[in-house]
Structures are given as C-alpha cells and as structure tokens.
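The values are calculated or read from the model by the stated rules, or taken from the named source; none is laboratory data. A quick note: this is a predicted structure, and the numbers were derived from the prediction, not measured. Positions of Cβ are backbone-derived with ideal geometry, glycine not excepted, and every protein chain shown enters the neighbour counts. The protein model used for the area step is the full one, side chains on, heavy atoms only, and it has no ligands, DNA or RNA in it. Shrake-Rupley method; radii C 1.70, N 1.55, O 1.52, S 1.80 Å.
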Amino acid sequence: MARKRKTAGEKPSPPQNKTETARDDGGRTLNLPVNRSKYPVFAALAVLCLIIYAQVYSFDFINIDDDQYVYENSFVAGGLKLANAVWAFTAFHSSNWHPLTWISHQVDSSLFGLNAGAHHLMNVLFHAVNSCLLFVVVKKLTGAFWRSALVAAIFAVHPAHVESVAWIAERKDVLSTLFWLLSAYFYIGYARDTWRKNSLWISLIFFAFGLMAKPMLVTLPFTFILLDYWALERFEKWNAANLLPLMKEKLPFFALSLISAVITIFAQSSSRAIQSFEQIPLSDRLVNALVSYAKYIAMLFYPMNLGVWYPFKNDHSVAQIVIASIVVLGISAVAVLQIYRRKYLFVGWFWFLGTLVPVIGILQVGGQSLADRYTYIPYIGLSIAVVWLAGELFEKYDLNKNAVAALCGVIIVLFTALSFRQTSYWKDNETLFARTLAITENNYFVEHNLCIALEKKNLLDQAEALCNASIKSNPKLADSYNTLGTIYLKQNDLNAAGENFRKAIEVDANFVLAYANLAISETRSGNIEQAGRYLDLAIEKDDRGFFDDRKKFDAFTTIGLESLKKQDYPTAESYLKKALSIVPNDLDARRNLAIALHSQNRSDEAIDTLQNAIREFPNSAEAYNSLGLIYAEQNKKQPAIEMFQQALKINPNFAPARNNLSRIAR
C-alpha cells in the first residue's frame with residue numbers, strides 16, 4: 001500500500017526521539033537530526049548577541065533622538081513616577097504616541113540614571129530575548145527545529161539590526177517586537193485550538209502593548225492571515241468564503257490598528273513631521289519605495305556600507321528603476337505562482353513587503369529614503385522564505401548535512417563579524433557620523449548632527465565647516481543655520497549669529513529654538529526690548545513642549561541679569577519676577593530681584609525680599625551679604641556690619657563679605 005503523500009501546506013509531524021520530521025512544502029517528509037532541547041539554542045543566541053553587543057556598555061548617547069528620548073527629556077531623565085507616567089500616556093513628543101516606550105526609558109532612568117552604557121545594555125537584553133522568542137515562535141508554528149534556529153540566528157546577528165539595538169532611542173524597535181512575538185505566540189496557540197479564546201484575547205493584549213511601543217506593528221493582523229494560510233493551514237484557497245470568517249475573528253486587531261494609525265498620523269501631523277506632496281511629490285515617493293524595496297533585499301544578503309541616515313533622492317537613474325522593478329515585481333510574480341506549491345515563499349515574501357508598508361515612504365515622515373532599523377520585523381518573513389527555500393534545495397540535491405551545517409555556520413560567523421564592526425561605529429557621535437559621511441553623499445542631516453557634536457566640544461572651526469557643508473547640501477535646513485548661529489554666538493560674533501538665526505526663521509517661521517537663540521543674541525547685544533520680544537515669540541510658538549519650566553526660568557533669568565548689567569532695572573525686575581513665578585524659591589533670582597528693586601529706590605521691598613529669602617535659606621552667606629550692602633548704602637552701619645559678620649560666620653572664606661566688612665568698619 002502506497003504511503004500517503006503530504007501536501008504543500010500540511011502541518012509537520014511531532015518530533016521523534018532523535019530526528020525532526022518536517023516538510024519541504026514540495027510534499028516530501030524530511031527527517032533531520034535534532035537536539036530537542038531548546039536551551040542550547042537559547043544559550044547560543046545569547047552568546048552571539050553578547051559577542052556583538054557587549055561593547056556597547058562603553059558607548060555614549062547619540063545626539064540624534066537620544067536627547068529627545070532620554071538625556072534632555074526631563075520627563076524621562078526624572079525616572080518613573082506618576083507625573084512622568086501621565087506625560088508618557090498624554091504626550092505626542094518626538095512625533096509619536098508610544099507610551100510604553102517612554103515608560104521603558106523612565107524605568108531605565110530610575111535604575112541607572114543617565115548611565116548611557118546601562119541604557120544600551122537594556123536594548124541588548126531585549127534583542128537577545130527577542131532572538132530566543134523568535135526561535136520559540138517559529139518552532140511552535142512549523143515544528144522545524146533547525147530551520148527555526150537558523151531564522152533566529154540570522155535575526156540575532158544580522159548587521160542591519162545593529163541600528164535597532166545599538167541606538168538607545170530605538171528601544172521602540174526591540175520593545176515592540178517583543179510584544180509582536182508574544183502576540184504571535186498566543187495567536188498560534190489559539191489557531192491550533194480555537195476553543196482557547198483566552199489565548200486570542202491575550203494575543204490581542206500583547207498587540208495593544210506593541211502598538212503602544214511602536215505603531216509600525218499595525219500590520220500584525222495581516223501577517224496573522226498569512227500564517228493562517230501557511231503553517232496554521234486554516235484555509236486552502238484565497239477567496240471570500242475562506243477569508244471573511246478569519247477576518248471577522250480579527251476585527252478587534254484591525255480596530256486597534258486603525259486607532260493606532262489615526263493617532264500616529266495626528267501626532268506626526270501636529271508636529272509637522274509628515275512631508276507634504278509639494279515637498280516630495282507622490283511620483284518621487286513611489287519610485288523611492290520601489291528602489292528601497294530592492295535595496296532592502298540586497299541588504300539582507302550583502303549588509304555592507306550601512307549608515308545611520310540615508311538622504312532621500314529624487315534623481316534615481318533609469319537603470320536603477322528598471323533593475324528594482326525587475327527584482328521586486330519578478331520575486332512577487334514567482335511568489336504568486338508558487339502560492340500553492342511553496343506557501344512559505346508566498347507568505348515570507350508578502351510578510352516582508354507588507355510589514356514595510358508603514359515605513360516605505362508613501363506617507364513620508366522626515367527626509368530619509370530608507371533605514372536599517374525598518375528591517376527588524378520585515379526580515380523575519382524574508383529569512384523564513386530564504387531558509388525554507390534553501391532547505392528544500394538542499395534536500396532535493398541531497399547535499400551532505402555536515403556541509404550544509406558548516407555553510408550555515410560560516411554565514412552566521414560572517415554576519416557576526418560584520419555586526420561587531422558595525423556596532424563599533426556607534427560608540428560616539430563623531431565615529432558614527434564620520435562613518436556615515438564616508439559611505440553617503442550630500443548627507444546634510446548627518447553633516448549637521450556632526451556639526452552639533454563638534455560645537456558642543458567647542459571644536460568651533462570644524463563645526464563651522466560642517467554646518468556650511470550642510471547648508472550647501474540643503475539650503476532649506478533651518479537647523480543648520482541655527483547651529484551655525486550658535487557657533488558664532490560662542491565666538492562672540494553677535495552680528496553673524498543674529499543673521500543666521502534670522503535665516504533659520506526665514507526658512508521655518510515656527511522654529512522655536514531660533515527665536516530663543518535670537519533672544520540671547522539680542523540680549524548680549526544690549527537690545528533688551530528686542531530680546532524680550534523674541535523670547536515671547538519663542539514661548540508663544542512653542543507647541544512641541546520645548547520650553548519646559550526649567551528652560552523658561554533660564555531664559556527669563558538670562559534677560560533679567562543682562563538687564564541688570566545694562567542698568568535697565570525695570571526690565572530686570574519684570575523678567576526676574578517671571579522667573580520667580582516658575583521657581584519661587586530660587587535664591588539667586590531673589591537676590592538679583594532685590595538689587596533691581598533697590599536700584600529703583602524701592603529699598604524696603606528689596607529688604608523684604610532678602611529677609612524672606614534668609615528665612616527660607618538661613619545658611620546663605622550671599623543673601624546676608626546682599627542685605628548688608630543695602631543697609632550700608634542706607635548708612636545703617638550697625639545692621640550692615642551684623643549682616644556681613646553673619647555671612648562670614650556661615651562661610652569664613654567668603655571674600656566679598658570680608659571685603660565689605662573691612663570697608664564699612666573703617
């Protein structure tokens with residue numbers, strides 16, 4: 001009696017004692033040697049991740065997004081507490097709504113402060129867990145032990161994933177993928193036994209968590225339908241009768257995807273992150289999407305010359321467009337033709353195409369053409385297609401299993417070495433940006449960010465050259481003019497600084513930071529009235545939360561102090577009072593306000609201000625000294641002496657009080 005032949009979508013048999021029974025989707029049963037324990041695989045994946053990423057513990061923050069996500073974000077740097085958690089769920093900061101990502105960073109800040117290395121290692125931990133969980137999910141889905149292990153290993157060591165792991169601000173990638181995989185794990189359990197409704201609801205909860213970590217997960221319910229077709233075998237033919245019941249059970253998933261998409265578009269629109277069709281026409285976006293798909297395919301097999309940011313191009317050659325069309329449309333045609341014979345090919349390919357849709361650039365956010373981090377989930381589908389196809393070919397031509405295993409090992413070792421090198425570029429701003437500039441052209445964004453990094457280190461000549469290069473590459477980048485103005489401000493070239501801040505405002509009339517910097521420039525030029533006007537405009541136009549209370553306080557204090565120097569005491573009083581309305585207990589602001597009041601012959605108010613400050617800060621030598629000066633100018637010699645003596649009692653080395661006491665005691 002002939003043995004029944006398995007069809008291309010049949011579920012694999014349970015593993016036997018020393019062999020794994022899997023299928024090649026061509027109908028043949030494959031008996032592969034297998035160590036049934038998953039723990040050696042977990043250990044191997046963890047070791048691979050450590051080999052590549054242990055170095056990040058010595059790495060610094062990067063000034064692209066890490067500032068907004070961690071070290072300059074008071075709601076994150078302050079750690080996890082109620083007020084910061086509320087902000088996480090209500091803010092559209094950084095053009096996104098992803099509260100669980102914010103919570104994750106807040107937990108890190110509570111545990112590690114602003115230790116960049118510890119924040120990096122948390123990303124590595126998430127990536128290692130994701131690699132192990134991916135193995136579990138694919139194994140649960142297909143029953144193929146070694147193929148699942150290979151897919152997980154490729155995920156763990158692929159150089160394109162370095163950006164998602166080594167970049168602290170990309171916590172959203174590794175965190176959202178954790179929830180994606182957990183959602184898939186419970187969905188597979190439900191699909192294998194639809195009476196287990198709890199598994200479906202748990203899957204939905206993890207999907208919701210994933211969307212609250214990164215909205216790119218909106219494609220997950222469509223991916224579930226692909227899995228329903230392939231390994232889960234919940235339908236055979238692509239028709240309405242088969243699809244409608246499966247889509248109906250996923251309506252809560254689709255509803256969450258829709259809600260997340262609407263929130264994300266609103267968040268990105270409100271922060272003006274979405275590029276208009278006037279800025280980038282639809283035709284250019286479609287061409288870029290096609291070319292980017294082809295580049296992502298090439299990057300899977302040849303992950304070289306990777307950088308942190310690739311500028312959008314609208315001058316692709318005809319040859320590039322033709323080759324990209326042949327690659328993308330050709331593979332799509334093959335996948336459709338193999339829809340029944342090689343389901344894994346169809347599912348893996350359209351997993352790849354579909355999960356990239358939210359970030360492929362039709363709805364263009366920012367000025368990049370593509371990004372390594374966007375491959376973190378899409379490459380899972382493409383890896384499955386490649387690994388299963390390779391497995392079928394190896395079996396078809398009866399290749400030596402040891403040779404196949406050696407080849408797989410060589411690929412993993414090679415990818416590990418490339419990823420180790422790619423990770424090393426992320427150690428600091430200068431290394432990362434210099435590397436990216438070496439492999440890209442006209443990269444105004446990276447030129448500008450390297451300019452910022454050098455400006456902060458006071459390497460002003462190098463920074464100035466890079467800012468000018470950035471402006472040459474893109475004269476419409478307001479940030480470059482603003483940073484160039486900051487450089488001139490440090491060089492005390494106030495005219496050049498003001499000119500560049502005004503150019504920044506010409507390019508972007510709502511550029512809050514340029515208004516704030518122009519206020520500083522005008523203050524230092526002595527144009528206090530103009531400075532106040534620009535500061536008021538900066539605060540008025542601030543709809544992204546740039547001016548938190550600390551920044552407002554510093555700005556008001558700066559103008560107040562400059563006004564004191566210019567002996568414009570009414571203006572100094574006005575701005576110092578504004579500062580104290582934000583931070584009422586700031587001692588220096590109170591002392592300076594007392595000086596402004598006394599200089600307007602309102603000494604009684606000045607004395608009251610200082611006496612109130614002394615009651616709150618009884619150990620402030622500066623406050624006693626300031627009060628002593630006012631008494632001295634009022635010819636109240638004894639009270640003045642008592643104040644100077646009290647200041648010296650608190651701080652015997654306080655030279656101003658000692659000098660004032662010597663002067664009045666003569």
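The table below gives the values:
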| quantity | calculated |
| --- | --- |
| Relative contact order (percent, whole number), the chain, Cα cutoff 8 Å, 6+ residue spacing | 11 |
| Net charge of Cβ neighbours under 14 Å - reference L535; Lys, Arg +1; Asp, Glu -1 | -1 |
| Selection from P656, I263, A594 lying farthest towards where the dipole of the chain points positive, charges on Cβ | I263 |
| Helix 494-507 axis, angle to the chain major axis (alpha carbon atoms, nearest 10°) | 40 |
| Apportionment of accessible area to carbon and sulfur, region 456-573, percent (1.4 Å) | 46 |
| Solvent-accessible area per residue for the chain (1.4 angstrom probe, square angstrom) | 45 |
| Protection proxy ranking of 608-617, 587-596, 316-325 - average other beta-carbon atoms within 10 Å, highest first | 587-596, 608-617, 316-325 |
| Point-to-point label distance, D554-E430, nm (Cα→Cβ direction, 7 Å offset) | 2.4 |
| Rounded to 10°, Cα long-axis angle of helix 343-356 versus longest principal axis of the chain | 20 |
| Cα-based reach from K490 at 16 Å (exclusive), listing aspartates and glutamates while leaving out same-chain residues under 8 positions away | E455, D461, E464, E499, E522 |
| Contact order normalised by residue count of region 382-520, Cα under 8 Å, 6+ apart, percent | 13 |
| Trypsin sites (Lys or Arg not before Pro) restricted to region 115-208 and DSSP loop, no more than 13 other C-beta within 10 Å | none |
| Theoretical ellipticity at 222 nm over the chain - DSSP helices of four or more residues, -39500 (n - 2.57) apiece, nearest 500 | -22000 deg cm²/dmol |
| Karplus 3J(HN,Hα) series, Hz, for region 373-379 with 6.51 cos²θ - 1.76 cosθ + 1.60 (x for Gly, Pro) | 4, 5, 8, 4, 8, x, 5 |
| Rounded to whole Hz, the Karplus (6.51, -1.76, 1.60) HN-Hα couplings of region 283-296, x for glycine and proline | 4, 5, 5, 5, 5, 4, 4, 4, 5, 5, 4, 5, 5, 5 |
| Cα centroid of region 474-532 to Cα centroid of region 577-647, whole Å | 35 |
| Calculated from backbone phi, Karplus (6.51, -1.76, 1.60) coupling profile of region 604-621 in Hz, x at Gly/Pro | 4, 5, 5, 5, 4, 4, 6, 5, 5, 5, 5, 4, 7, 10, x, 9, 9, 5 |
| Residue-count net charge about S58 - beta-carbon cut-off 11 Å; Lys, Arg +1, Asp, Glu -1 | -1 |
| Greater than 25 Å apart at Cα, pairs in K38/K427; K81/K552; K81/K551; K140/K197; K578/K637 | K38/K427; K578/K637 |
